[in-house]
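The structure appears right after this line, and notes come after that.
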Amino acid sequence: MSSKKLKHKAKNAQFNGLSVMQQIKAARKASREEEIRLHGKPLKISSVVSSKLKYNRKSRNNNSFTEE
């Protein structure tokens, strides 16, 4: 067998007999544990990135009317 088929077979062997949701949960848990092992903490992945082209009226960005 080619190495590609062996890898695929080995990958599927660990999820034998589990439902799809259990497989997803196990894969996510393994991914999270590896991320914590590599970085020492879970990474934040749900941050909102605002467009630089969008108008922003916050005072920290509007420095044109500073009193001196």
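The values are calculated or read from the model by the stated rules, or taken from the named source; none is laboratory data. Keep in mind the model is a prediction, meaning the values are calculated, not measured. Positions of Cβ are generated from backbone atoms using ideal geometry, with glycine treated the same way; all protein chains shown enter the neighbour counts.
Looking at LYS5, LYS29, LYS11, can you tell me which residue is modelled with pLDDT of 80 or more, outside any loop (DSSP other than H, G, I, E, B) and out of contact with any Leu (no Cβ under 7 Å at 6 or more places or on another chain)?
Details: LYS5 fails: modelled with pLDDT of 80 or more; LYS11 fails: modelled with pLDDT of 80 or more.
Sole residue among the options that is modelled with pLDDT of 80 or more, outside any loop (DSSP other than H, G, I, E, B) and out of contact with any Leu (no Cβ under 7 Å at 6 or more places or on another chain): LYS29.
In the set (1) at positive phi; (2) modelled with pLDDT of 80 or more, the condition left unmet by GLY17 is number (2).
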